[in-house]
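A short write-up of the structure that comes next.
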Amino acid sequence: MEFGRLLTAMVTPFNREGAIDWPALEPLVEHLLSTGSKGLVTAGTTGESPTLSTEEKLALFRRVKEIAGTRAAVIAGTGTNDTAYSRYLTQKAVSCGVDGIMAVTPYYSKPSQEGMYHHFKTVAEAAPSLPVMIYNIPGRSIVNLEPDTLFRLAGFSNIRSLKEASGDFDQISRVLEHTPDYFQVYSGDDSSTLPLMSIGGTGVVSVASHIAGHGICMMMDQFAEGNTAHAAAWHRTLLPKMKACFMTPSPAPVKGLLEESGVISRYTRAPILPLTEAEMNQLKETFSPA
(Lines give C-alpha, C1' and ligand atoms only; values in the text may rest on other atoms or scores of the structure.)
Protein backbone atom coordinates (compact mmCIF):
# COMPACT_ATOMS: atom_id res chain seq x y z
CA MET A 1 0.00 0.00 0.00
CA GLU A 2 1.29 3.45 -0.91
CA PHE A 3 0.42 6.15 1.59
CA GLY A 4 0.61 9.23 -0.64
CA ARG A 5 2.83 12.32 -0.45
CA LEU A 6 1.41 14.12 2.59
CA LEU A 7 1.10 12.23 5.85
CA THR A 8 0.36 14.08 9.07
CA ALA A 9 1.88 13.16 12.40
CA MET A 10 -1.42 13.86 14.12
CA VAL A 11 -1.72 15.53 17.50
CA THR A 12 -3.87 13.99 20.21
CA PRO A 13 -6.53 16.41 21.47
CA PHE A 14 -6.81 16.76 25.25
CA ASN A 15 -9.22 18.66 27.46
CA ARG A 16 -8.40 20.97 30.37
CA GLU A 17 -8.29 18.00 32.76
CA GLY A 18 -5.75 16.18 30.59
CA ALA A 19 -8.08 13.47 29.30
CA ILE A 20 -8.37 12.70 25.59
CA ASP A 21 -10.96 15.02 24.10
CA TRP A 22 -12.86 12.39 22.15
CA PRO A 23 -15.49 14.76 20.68
CA ALA A 24 -12.66 16.87 19.20
CA LEU A 25 -11.13 13.93 17.37
CA GLU A 26 -13.60 13.92 14.48
CA PRO A 27 -13.27 17.64 13.62
CA LEU A 28 -9.48 17.25 13.81
CA VAL A 29 -9.46 14.31 11.39
CA GLU A 30 -11.89 16.07 9.05
CA HIS A 31 -9.75 19.21 9.12
CA LEU A 32 -6.63 17.23 8.15
CA LEU A 33 -8.37 15.34 5.37
CA SER A 34 -9.86 18.53 3.96
CA THR A 35 -6.44 20.19 3.82
CA GLY A 36 -4.66 17.45 1.91
CA SER A 37 -3.50 14.73 4.29
CA LYS A 38 -3.51 11.28 2.70
CA GLY A 39 -2.37 9.48 5.83
CA LEU A 40 -2.66 10.02 9.58
CA VAL A 41 0.03 8.80 11.94
CA THR A 42 -1.88 8.16 15.15
CA ALA A 43 -0.34 8.04 18.64
CA GLY A 44 3.10 8.86 17.34
CA THR A 45 5.48 11.13 19.20
CA THR A 46 3.69 14.26 17.92
CA GLY A 47 0.58 12.62 19.38
CA GLU A 48 2.41 12.68 22.75
CA SER A 49 2.65 8.89 22.76
CA PRO A 50 4.94 8.70 25.82
CA THR A 51 2.04 10.05 27.89
CA LEU A 52 -0.62 7.74 26.44
CA SER A 53 -1.63 4.47 28.07
CA THR A 54 -1.92 1.29 26.02
CA GLU A 55 -5.71 1.47 26.28
CA GLU A 56 -5.71 5.08 25.03
CA LYS A 57 -3.49 4.21 22.07
CA LEU A 58 -5.67 1.31 21.00
CA ALA A 59 -8.82 3.39 21.37
CA LEU A 60 -7.23 6.11 19.23
CA PHE A 61 -6.30 3.63 16.52
CA ARG A 62 -9.86 2.32 16.38
CA ARG A 63 -11.57 5.71 16.50
CA VAL A 64 -9.35 7.45 13.93
CA LYS A 65 -9.80 4.53 11.54
CA GLU A 66 -13.55 4.64 12.11
CA ILE A 67 -13.64 8.35 11.23
CA ALA A 68 -11.23 8.24 8.30
CA GLY A 69 -12.55 5.03 6.78
CA THR A 70 -11.06 4.52 3.35
CA ARG A 71 -10.39 8.22 2.79
CA ALA A 72 -6.90 8.10 4.30
CA ALA A 73 -4.40 5.57 5.57
CA VAL A 74 -4.28 5.31 9.35
CA ILE A 75 -0.78 4.46 10.53
CA ALA A 76 -0.37 3.32 14.12
CA GLY A 77 2.60 4.59 16.10
CA THR A 78 3.69 1.48 17.96
CA GLY A 79 7.43 2.00 18.36
CA THR A 80 9.00 2.37 21.81
CA ASN A 81 12.38 1.57 23.35
CA ASP A 82 11.02 -1.77 24.56
CA THR A 83 11.05 -4.39 21.81
CA ALA A 84 8.64 -6.76 23.56
CA TYR A 85 6.12 -4.00 24.22
CA SER A 86 6.47 -2.67 20.67
CA ARG A 87 5.68 -6.16 19.37
CA TYR A 88 2.66 -6.44 21.68
CA LEU A 89 1.31 -3.01 20.72
CA THR A 90 1.85 -3.75 17.04
CA GLN A 91 -0.12 -6.99 17.29
CA LYS A 92 -2.95 -5.15 19.06
CA ALA A 93 -2.90 -2.37 16.45
CA VAL A 94 -3.40 -4.90 13.66
CA SER A 95 -6.64 -5.99 15.30
CA CYS A 96 -7.81 -2.35 15.36
CA GLY A 97 -7.97 -2.28 11.57
CA VAL A 98 -5.17 0.21 10.90
CA ASP A 99 -3.51 0.45 7.49
CA GLY A 100 0.12 0.58 8.54
CA ILE A 101 2.65 0.70 11.37
CA MET A 102 5.26 3.29 12.27
CA ALA A 103 8.10 2.37 14.60
CA VAL A 104 10.70 4.84 15.85
CA THR A 105 14.32 3.96 16.56
CA PRO A 106 14.56 2.88 20.22
CA TYR A 107 15.31 5.98 22.27
CA TYR A 108 17.54 6.42 25.33
CA SER A 109 18.75 2.80 25.34
CA LYS A 110 21.31 3.46 22.56
CA PRO A 111 21.09 -0.01 21.02
CA SER A 112 23.71 -1.26 18.56
CA GLN A 113 22.97 -1.59 14.86
CA GLU A 114 22.35 -5.30 15.42
CA GLY A 115 20.01 -4.44 18.29
CA MET A 116 18.02 -2.11 16.04
CA TYR A 117 17.90 -4.74 13.31
CA HIS A 118 16.43 -7.22 15.80
CA HIS A 119 13.99 -4.59 17.08
CA PHE A 120 12.53 -3.68 13.68
CA LYS A 121 12.55 -7.30 12.51
CA THR A 122 10.43 -8.15 15.56
CA VAL A 123 7.98 -5.34 14.85
CA ALA A 124 7.69 -6.31 11.18
CA GLU A 125 7.04 -9.93 12.07
CA ALA A 126 4.26 -8.83 14.45
CA ALA A 127 2.33 -7.27 11.54
CA PRO A 128 3.09 -9.40 8.47
CA SER A 129 0.01 -8.15 6.62
CA LEU A 130 0.72 -4.42 7.06
CA PRO A 131 3.33 -2.05 5.63
CA VAL A 132 5.83 -0.85 8.23
CA MET A 133 7.51 2.56 8.22
CA ILE A 134 10.72 2.97 10.19
CA TYR A 135 11.32 6.36 11.81
CA ASN A 136 14.95 7.46 12.09
CA ILE A 137 15.42 10.54 14.27
CA PRO A 138 18.89 10.63 15.85
CA GLY A 139 18.30 14.05 17.43
CA ARG A 140 15.73 12.58 19.79
CA SER A 141 16.64 8.90 20.00
CA ILE A 142 20.45 9.45 20.11
CA VAL A 143 21.07 6.50 17.76
CA ASN A 144 21.24 6.66 13.97
CA LEU A 145 19.92 3.77 11.90
CA GLU A 146 22.75 3.36 9.43
CA PRO A 147 22.10 2.60 5.75
CA ASP A 148 23.65 -0.87 5.87
CA THR A 149 21.24 -1.85 8.64
CA LEU A 150 18.31 -0.40 6.74
CA PHE A 151 19.31 -2.32 3.60
CA ARG A 152 19.00 -5.55 5.60
CA LEU A 153 15.62 -4.51 6.96
CA ALA A 154 14.35 -3.56 3.51
CA GLY A 155 14.63 -7.25 2.69
CA PHE A 156 11.47 -7.83 4.71
CA SER A 157 8.54 -7.57 2.32
CA ASN A 158 6.43 -5.43 4.66
CA ILE A 159 9.13 -2.91 5.64
CA ARG A 160 8.18 -0.48 2.90
CA SER A 161 9.24 3.01 3.91
CA LEU A 162 11.40 5.27 6.04
CA LYS A 163 10.62 8.51 7.82
CA GLU A 164 14.04 10.14 7.83
CA ALA A 165 14.97 13.01 10.14
CA SER A 166 18.75 12.72 10.34
CA GLY A 167 19.33 15.72 8.06
CA ASP A 168 22.20 13.78 6.47
CA PHE A 169 21.52 13.96 2.74
CA ASP A 170 24.55 11.84 1.88
CA GLN A 171 23.05 9.07 4.00
CA ILE A 172 19.58 9.59 2.52
CA SER A 173 21.02 9.42 -0.99
CA ARG A 174 22.61 6.06 -0.20
CA VAL A 175 19.30 4.76 1.10
CA LEU A 176 17.46 5.90 -2.02
CA GLU A 177 20.11 4.42 -4.31
CA HIS A 178 20.31 0.98 -2.70
CA THR A 179 16.76 0.12 -1.58
CA PRO A 180 14.10 -1.49 -3.82
CA ASP A 181 12.18 0.76 -6.20
CA TYR A 182 9.00 0.34 -4.14
CA PHE A 183 10.72 1.54 -0.96
CA GLN A 184 9.64 5.08 -0.10
CA VAL A 185 11.56 7.70 1.88
CA TYR A 186 9.66 10.50 3.61
CA SER A 187 11.07 13.58 5.24
CA GLY A 188 10.62 13.62 9.00
CA ASP A 189 11.40 17.34 9.06
CA ASP A 190 8.99 19.73 7.32
CA SER A 191 11.71 22.09 6.16
CA SER A 192 13.61 19.26 4.43
CA THR A 193 10.65 18.12 2.34
CA LEU A 194 11.56 19.77 -0.94
CA PRO A 195 15.31 19.05 -0.69
CA LEU A 196 14.53 15.40 0.01
CA MET A 197 12.11 15.16 -2.92
CA SER A 198 14.78 16.65 -5.17
CA ILE A 199 16.96 13.56 -4.61
CA GLY A 200 14.12 11.07 -5.01
CA GLY A 201 12.12 11.15 -1.79
CA THR A 202 8.36 10.60 -1.79
CA GLY A 203 6.98 13.28 0.54
CA VAL A 204 6.72 14.20 4.20
CA VAL A 205 5.34 13.02 7.50
CA SER A 206 4.43 16.50 8.58
CA VAL A 207 3.64 18.49 11.71
CA ALA A 208 3.12 21.81 9.92
CA SER A 209 0.37 20.22 7.80
CA HIS A 210 -1.98 20.76 10.74
CA ILE A 211 -2.04 24.41 9.73
CA ALA A 212 -0.40 24.59 6.28
CA GLY A 213 -1.57 21.44 4.55
CA HIS A 214 -2.76 23.11 1.36
CA GLY A 215 0.53 24.95 0.90
CA ILE A 216 2.62 21.85 1.51
CA CYS A 217 0.53 19.92 -1.02
CA MET A 218 0.93 22.72 -3.54
CA MET A 219 4.72 22.74 -3.07
CA MET A 220 4.98 18.98 -3.58
CA ASP A 221 2.55 18.92 -6.50
CA GLN A 222 4.42 21.71 -8.27
CA PHE A 223 7.68 19.81 -7.87
CA ALA A 224 6.14 16.54 -9.07
CA GLU A 225 4.80 18.34 -12.16
CA GLY A 226 8.24 19.71 -12.98
CA ASN A 227 7.55 23.28 -11.89
CA THR A 228 10.63 23.48 -9.71
CA ALA A 229 10.78 27.28 -9.52
CA HIS A 230 7.20 27.43 -8.24
CA ALA A 231 7.93 24.62 -5.78
CA ALA A 232 10.98 26.50 -4.51
CA ALA A 233 8.90 29.65 -4.06
CA TRP A 234 6.37 27.70 -2.00
CA HIS A 235 9.22 26.27 0.08
CA ARG A 236 10.54 29.74 0.88
CA THR A 237 7.06 30.98 1.78
CA LEU A 238 6.33 28.01 4.02
CA LEU A 239 9.72 27.81 5.72
CA PRO A 240 9.09 30.42 8.47
CA LYS A 241 5.79 28.75 9.31
CA MET A 242 7.41 25.32 9.42
CA LYS A 243 10.09 26.61 11.78
CA ALA A 244 7.52 28.40 13.97
CA CYS A 245 5.76 25.08 14.60
CA PHE A 246 8.77 24.20 16.75
CA MET A 247 9.30 27.52 18.55
CA THR A 248 8.45 25.67 21.78
CA PRO A 249 8.45 21.90 22.27
CA SER A 250 6.14 20.23 19.77
CA PRO A 251 3.17 19.83 19.56
CA ALA A 252 2.33 22.88 21.69
CA PRO A 253 2.64 25.42 18.82
CA VAL A 254 0.40 23.56 16.36
CA LYS A 255 -2.12 22.90 19.11
CA GLY A 256 -2.20 26.62 19.84
CA LEU A 257 -2.81 27.39 16.17
CA LEU A 258 -5.50 24.72 15.94
CA GLU A 259 -7.25 26.34 18.89
CA GLU A 260 -7.12 29.69 17.08
CA SER A 261 -8.79 27.98 14.13
CA GLY A 262 -11.48 26.46 16.35
CA VAL A 263 -10.47 22.85 15.65
CA ILE A 264 -9.24 21.63 19.07
CA SER A 265 -8.00 23.18 22.31
CA ARG A 266 -4.36 23.91 23.00
CA TYR A 267 -4.02 21.52 25.96
CA THR A 268 -1.03 19.19 26.18
CA ARG A 269 0.15 16.65 28.73
CA ALA A 270 3.12 17.36 30.97
CA PRO A 271 6.02 17.61 30.54
CA ILE A 272 4.93 19.43 27.35
CA LEU A 273 3.24 22.68 28.38
CA PRO A 274 0.63 24.59 26.37
CA LEU A 275 1.61 27.95 24.94
CA THR A 276 1.38 31.00 27.13
CA GLU A 277 -0.53 34.00 25.82
CA ALA A 278 2.77 35.77 25.06
CA GLU A 279 4.02 32.75 23.09
CA MET A 280 0.70 32.51 21.28
CA ASN A 281 0.89 36.16 20.25
CA GLN A 282 4.43 35.66 18.96
CA LEU A 283 3.33 32.64 16.96
CA LYS A 284 0.35 34.44 15.45
CA GLU A 285 2.65 37.16 14.13
CA THR A 286 4.42 34.57 11.99
CA PHE A 287 1.14 33.40 10.52
CA SER A 288 -0.41 36.81 10.02
CA PRO A 289 -0.63 38.08 6.42
CA ALA A 290 2.21 40.43 5.54
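Assorted remarks:
- For peptides 167-178, 118-129, sequence by mean Cβ density within 10 Å, most packed first: 118-129, 167-178
- Among E56, E48, the sequence by solvent-accessible area, most first, with a 1.4 Å probe is E56, E48.
- Spacing of the two label points (7 Å from each Cα toward its C-beta) at F287 and R152, in nm: 4.4
- Gain upon complete extension [S198, R71; 0.36 nm per residue less C-alpha separation]: 42.9 nm
- Distance-filtered residues of the range 267-289 - backbone nitrogen under 14 Å, label point 7 angstrom along M247 Cα→Cβ: 275-289
- Scattering from the range 178-270 was approximated by placing one identical point on each alpha carbon and applying the Debye formula without solvent; log10 I(q)/I(0) at 0.18, 0.20 1/Å stands at -0.81, -0.93.
- Pairs of Lys residues in the range 6-231 are counted when their Cα atoms are under 16 angstrom apart and they lie 8 or more places apart or on different chains; the count is 5.
- At R0 = 41 Å, FRET efficiency that the Cβ-Cβ distance of A229 and E30 yields, to 0.05: 0.75
- Computed lengthening from E177 to R16, 0.36 nm per intervening residue step minus Cα-Cα distance: 53.2 nm
- Residues in the range 226-249 reached by a label modelled at E260 [backbone nitrogen below 14 Å; 7 Å Cα→Cβ]: 240-248
- Extension gain (nm, one decimal) between D221 and K121, 0.36 nm per residue minus Cα-Cα: 32.6 nm
- The translational diffusion coefficient of the chain, from Stokes-Einstein at 25 °C and 0.890 mPa s with a Kirkwood hydrodynamic radius over alpha carbon pairs, comes to 129 µm²/s.
The values are calculated or read from the model by the stated rules, or taken from the named source; none is laboratory data. Note that the structure is predicted; figures quoted are calculated from it, not measured. Because the Cβ atoms are built from the backbone with ideal geometry, glycine has one as well, and the counts that use them run over all protein chains shown. With ligands, DNA and RNA removed, areas are computed over all heavy atoms of the protein, side chains included. Shrake-Rupley method; radii C 1.70, N 1.55, O 1.52, S 1.80 Å.
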